[in-house]
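Trainee: Let me begin by handing over the structure; questions about it come next.
The values are calculated or read from the model by the stated rules, or taken from the named source; none is laboratory data. Owing to the predicted nature of the structure, the values given are computational and were not obtained by experimental measurement. When we count neighbours, we look across all protein chains shown, and the Cβ atoms used for this are built from the backbone with ideal geometry, even at glycine. For accessibility, only protein heavy atoms count, side chains too; no ligands or nucleic acids. Shrake-Rupley method; radii C 1.70, N 1.55, O 1.52, S 1.80 Å.
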Amino acid sequence: MPALAEKTTQIELKDAKPKGLSMTQLGVPVLESTVVKKGKLQEFFQFLDDGTVGRRFQNIRVTGIKTSEGGVEAAKIFVQFEVFGDDNVPLAGNSGFGSALLGGGDTLTELPANTVFMPYASAWFENQFVYDVPTEVFDRADHFAFAANADQVRTL
């Protein structure tokens, strides 16, 4: 039975300006005190155990926001990407991905694992996730770890 092998990458988070279309699309309350960190990875391939590409992630965008809403300061991490299942489908619900925020090489916090929205093979699907994180973790974060989880699949 073919399987997707786990694969991990890190995306650097850099300070960014709190403006632009992404802030509007995410509904961010932009204040003078709003802090933004962004990172992006164009392509990320997950391979089958035979070495061929089995799943493609494209345009992985990580946006960290620390702002105040209703007088309460909070931080959120938004993860957006497109995913494509190459000629295979998971045997059960897909195992999705895991992620973590890193700072100075240390894991600051692991984020809850998620399945990806990918109802059919051989098609691209948009995905978007949001995580609440402690503001202290946000302040120290300089990388986002993205791990495409191993998965049993059936080829078409």
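Trainee: From the list GLY51, GLY20, GLY39, which residue is in contact with a Ser or Thr (Cβ under 9 Å, 6 or more places away or on another chain) and of a type outside the set (Phe, Trp, Tyr)? I'd like the intermediate steps shown before the answer.
Mentor: Details: GLY51 fails: in contact with a Ser or Thr (Cβ under 9 Å, 6 or more places away or on another chain); GLY20 fails: in contact with a Ser or Thr (Cβ under 9 Å, 6 or more places away or on another chain).
Selected residue: GLY39, the only one of GLY51, GLY20, GLY39 that is in contact with a Ser or Thr (Cβ under 9 Å, 6 or more places away or on another chain) and of a type outside the set (Phe, Trp, Tyr).
Trainee: Right, here's the next one. Give me the pairs, please: first residue somewhere in region 21-39 and farther than 13 Å from ALA74 by Cα, second residue anywhere and assigned to a helix (DSSP H, G or I) and open to solvent by less than 80 Å² (accessible area, probe 1.4 Å), beta-carbon distance under 9 Å, and either six or more positions apart or on two chains.
Mentor: LYS37/PHE138; LYS38/SER22
Trainee: Something else about it: Name the residues in region 1-29 that are of a type in the set (A, V, I, L, M, F, W, C), farther than 30 Å from VAL89 by Cα and at pLDDT 85 or above, would you? Talk me through it step by step, then tell me what you get.
Mentor: Narrowing region 1-29 to residues of a type in the set (A, V, I, L, M, F, W, C): 1, 3-5, 11, 13, 16, 21, 23, 26, 28.
Now restrict to residues that are farther than 30 Å from VAL89 by Cα: 13, 16, 21, 23, 26, 28.
Listed by number, the residues that qualify are LEU13, ALA16, LEU26, VAL28.
Trainee: Restricting attention to region 85-107, does a residue exist that is over 16 Å from the mean Cα position of the chain (by Cα), of a type in the set (Val, Ile, Thr), farther than 30 Å from VAL153 by Cβ and open to solvent by 20 Å² or more (accessible area, probe 1.4 Å)?
Mentor: Just the residues of region 85-107 that are over 16 Å from the mean Cα position of the chain (by Cα), to begin with: 85-93, 103-106.
With of a type in the set (Val, Ile, Thr) added as a condition, the list becomes 89.
Filter once more, so that each one left must be farther than 30 Å from VAL153 by Cβ: none.
No; the residues of region 85-107 include none that is over 16 Å from the mean Cα position of the chain (by Cα), of a type in the set (Val, Ile, Thr), farther than 30 Å from VAL153 by Cβ and open to solvent by 20 Å² or more (accessible area, probe 1.4 Å).
Trainee: Ok, one more. Kindly indicate which of ASN127, ASN114, ASN149, ASN94 is without any contact (Cβ under 8 Å) to a residue 24 or more places away in the chain and not hydrophobic (A, V, I, L, M, F, W, C). Outline the logic, then answer.
Mentor: Working: ASN127 fails: without any contact (Cβ under 8 Å) to a residue 24 or more places away in the chain; ASN149 fails: without any contact (Cβ under 8 Å) to a residue 24 or more places away in the chain; ASN94 fails: without any contact (Cβ under 8 Å) to a residue 24 or more places away in the chain.
None of the others qualify; the one that does is ASN114.
Trainee: Please give the strands (runs of 3 or more DSSP E) falling wholly within region 108-156 in which 2 or more residues are among the polar types (S, T, N, Q) and surrounded by fewer than 16 Cβ atoms within 10 Å (Cβ to Cβ).
Mentor: On the way: elements: 124-133, 143-148, 151-155.
In region 108-156, 151-155 are the strands (runs of 3 or more DSSP E) which contain 2 or more residues that are among the polar types (S, T, N, Q) and surrounded by fewer than 16 Cβ atoms within 10 Å (Cβ to Cβ).
Trainee: Hey, could you check region 38-77 for residues that are open to solvent by 20 Å² or more (accessible area, probe 1.4 Å) and touching a helix residue (DSSP H, G or I) at 6+ places or on another chain (Cβ under 9 Å) and say which is nearest to LEU4 (Cα to Cα)?
Mentor: ARG61
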